[in-house]
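To start, the structure under review is shown below, and the notes come after it.
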2 protein chains.
Amino acid sequence: MKIHPMWQDYPNIATDLVEMLQLIEDNIHVRNKEIEQTMLDLIHAGGKLLRPAYSLLFSSFGPNQQKEKNMAVAAALEVLHMATLVHDDVIDDAPTRRGHETVQSKYGKDIAVYTGDYLFTVCFRLLAKYADSLEAIEMDTKGMERILMGELDQMHLRYNQDVTIRQYLKRISGKTAQLFALSCYSGAFESGCSKELSRKSYDIGNNIGMAFQIMDDILDYSQTADGFGKPVLEDIKQGVYTSPLIYAMQGHKEAFRPLLAKGQDMTTTDVAKIQALIKQYQGVEKAHKLATKYTNKALKDMSKLPDTPEKEQLILLTKNLLARVL
Amino acid sequence: MKIHPMWQDYPNIATDLVEMLQLIEDNIHVRNKEIEQTMLDLIHAGGKLLRPAYSLLFSSFGPNQQKEKNMAVAAALEVLHMATLVHDDVIDDAPTRRGHETVQSKYGKDIAVYTGDYLFTVCFRLLAKYADSLEAIEMDTKGMERILMGELDQMHLRYNQDVTIRQYLKRISGKTAQLFALSCYSGAFESGCSKELSRKSYDIGNNIGMAFQIMDDILDYSQTADGFGKPVLEDIKQGVYTSPLIYAMQGHKEAFRPLLAKGQDMTTTDVAKIQALIKQYQGVEKAHKLATKYTNKALKDMSKLPDTPEKEQLILLTKNLLARVL
């Protein structure tokens, strides 16, 4: 089973992730073999598997080293992530994801909606089968709700040129940070860590997730030499404004207003103008500073974790992940 | 709080159902108040609430009479049902449901997909909070999976003129009967009934659900004096064939083939011809016979339940529900 090349530097995590993917595979059974294959393709599409990786690393800190359970929790989180991606693709009418045709593009939105639903149930089945307590499930449903609330908020904020950094942070907190927080928390809690350590793990995951999403937004804005990449172009047209744009707009709203108001009718010239404005007002630099703040918070809290080989891996992974070049 | 008038004859169940709806209401919190209101409207749209009613009735047979828990299980089942309806509406592009504008028609499919997802999580939250055991959750996720599998199969069978009664039964077993079975089972199991009685409750629910769905399909076919109602017309055009049509086609496929093949291009004359053929080949009568078989199985098993006032209500309700006139 092939996983993302980034894990070559972490052989222990890589071995665990392969096992985790196998567990997901063993838990997907759909009568319609074509649809089953689509789900298996999703698993093997080479996603980064960050959420289960963090969950597994944090599960090393507890006294209960039941490998089967730790694996199941990690798998449940990745399946939950997959479910939200499939539904996101339905909503964005996305033709491809990770280089593969999306479920909705291949089979239509009907199948894609139910496929996402099916994956949600697989997530809960994995948890119910291996988790020790209903508390874990309650925590996970609450996490899931926050994630969905983040998505619903995103809808709500579309085309809102007055969106503030605070609203943006609230949105990515629901959309991305919650799942990272849940991953770190579940790993710690299910392996028997104290409430305090579990809570701290949640905070660390939350800060990693915030930094990760801001970095992702920045990368979209600085992808190519001669203009934005396609994702950011689509985002702007669809009224989804992220941190580099929001920072650049602070105090300079009037310059952006007529350009953004065009929405889907934006021309190449308009986009070039927006890009120049973001550069002029240092949107990317300001966003990067914010990401660094979250990264440093996470790393500082991590340094207080018990001294184990996994702690070292955790710090290394997080540094490499969040110190991506501009 | 108003509920469906059918419950006027069952004052005890009616009181419980109102309380159950209140519990659902108390568990729905969305930051976006407009979307929250849409969910509350769904709750108050006057659905029949059959699934929670059966769950509550079966919960009377166990030794553990924890009302809060029984209510939560019933509420979880109704919320699960609502979630599947919202996603069904996305897929069918339905403009109205129970006389109200659908979520997807009002807010777009984006919001509708996430609204359904949110309701799924409310279902699991209710179960995790009140259920005694992870076993219940595992059972519910398995039930949910079977329901989704039924939907995926339905997609698969569309426009298949060779669909057999057996395939039809398998489909409605997933689509409808599973949730009725799950409702009766959960009520019994969570109130502490023996494994045997819980299993029997599952079978009873399954047979009620099968009969209910066949009756529903029949009603669609016999709704109006001068033709099919709109739902059945849409179903046939979209390639969804139910029992009256499938029975009529047995041994007479060639008569139907050219008409059905037109799909969305079907004319009023084509539809009239199909209707005449179904009448000629007694499709409705044969389907009704099948429904009666399931009803009788359910009633026979019910007669062996412990003799309580609730048992009497259960038999009365089931008889009234499934003996609807042709």
Test: residue in the stretch B:27-41 that is out of contact with any Cys (no Cβ under 8 Å at 6 or more places or on another chain), farther than 24 Å from B:SER191 by Cβ, modelled with pLDDT under 95 and more than 14 Å from chain A (Cβ to nearest Cβ): yes
The stretch B:76-88: number of residues that are more than 9 Å from chain A (Cβ to nearest Cβ), buried (at least 21 other Cβ atoms within 10 Å of the Cβ) and free of Cβ contacts under 8 Å to residues at least 60 places away in the same chain: 4
Residue that is open to solvent by less than 30 Å² (accessible area, probe 1.4 Å), more than 14 Å from chain B (Cβ to nearest Cβ) and farther than 23 Å from A:PHE212 by Cβ, where the choices are A:GLY108, A:GLY62, A:GLY47: A:GLY62
Lone unmet requirement of (1) closer than 27 Å to A:PHE180 by Cβ; (2) surrounded by 19 or more Cβ atoms within 10 Å (Cβ to Cβ); (3) modelled with pLDDT under 95 for A:MET210: (3)
B:ARG125 vs. criteria more than 8 Å from chain A (Cβ to nearest Cβ), in contact (Cβ under 8 Å) with a residue 40 or more places away in the chain and not hydrophobic (A, V, I, L, M, F, W, C): no
Qualifying helices (runs of 4 or more DSSP H) (wholly inside the stretch A:85-168; at least 3 residues being among the charged types (D, E, K, R)): A:109-130, A:134-157
Answer residue from the stretch A:191-207, given it is open to solvent by less than 10 Å² (accessible area, probe 1.4 Å) and assigned to a helix (DSSP H, G or I) and is farthest from A:LEU317 (Cα to Cα) among those: A:SER198
Checklist (1) open to solvent by 20 Å² or more (accessible area, probe 1.4 Å); (2) over 20 Å from A:MET210 (Cα atoms); (3) at pLDDT 85 or above applied to A:ASP93, failing item: (3)
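Table: residues versus (1) out of contact with any strand residue (DSSP E or B) (no Cβ under 7 Å at 6 or more places or on another chain); (2) more than 23 Å from B:ALA128 (Cα to Cα); (3) free of Cβ contacts under 8 Å to residues at least 12 places away in the same chain; (4) of a type outside the set (Ser, Thr, Tyr).
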position	(1), (2), (3), (4)
B:GLN8	yes, yes, yes, yes
B:THR15	yes, yes, yes, no
B:GLN22	yes, no, no, yes
B:ILE35	yes, yes, no, yes
B:GLY46	yes, yes, no, yes
B:ALA53	yes, no, no, yes
B:PHE61	yes, no, no, yes
B:MET71	yes, no, no, yes
Residue ranges of helices (runs of 4 or more DSSP H) in the stretch A:1-61 with at least 3 members of a type in the set (A, V, I, L, M) and over 19 Å from A:PHE124 (Cβ atoms): A:11-26, A:50-58
The stretch B:37-56, residues that are aliphatic (A, V, I, L, M) and more than 17 Å from the chain's Cα centre (by Cα): B:MET39, B:LEU40
Among (1) out of contact with any Asp or Glu (no Cβ under 6 Å at 6 or more places or on another chain); (2) within 20 Å of B:SER194 (Cβ to Cβ); (3) more than 9 Å from every other protein chain (Cβ to nearest Cβ), the one test that B:LEU57 misses: (1)
Count of the stretch A:93-105 residues which are within 13 Å of chain B (Cβ to nearest Cβ) and either among the aromatic types (Phe, Trp, Tyr) or within 18 Å of the chain's Cα centre (by Cα) (or both): 1
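The values are calculated or read from the model by the stated rules, or taken from the named source; none is laboratory data. The structure presented is a predicted model; accordingly, all values stated were derived computationally and were not measured. Backbone-built Cβ (ideal geometry, glycine too); neighbour counts: all protein chains shown. The area values use the complete protein model at the heavy-atom level, side chains included, leaving out ligands, DNA and RNA. Shrake-Rupley method; radii C 1.70, N 1.55, O 1.52, S 1.80 Å.
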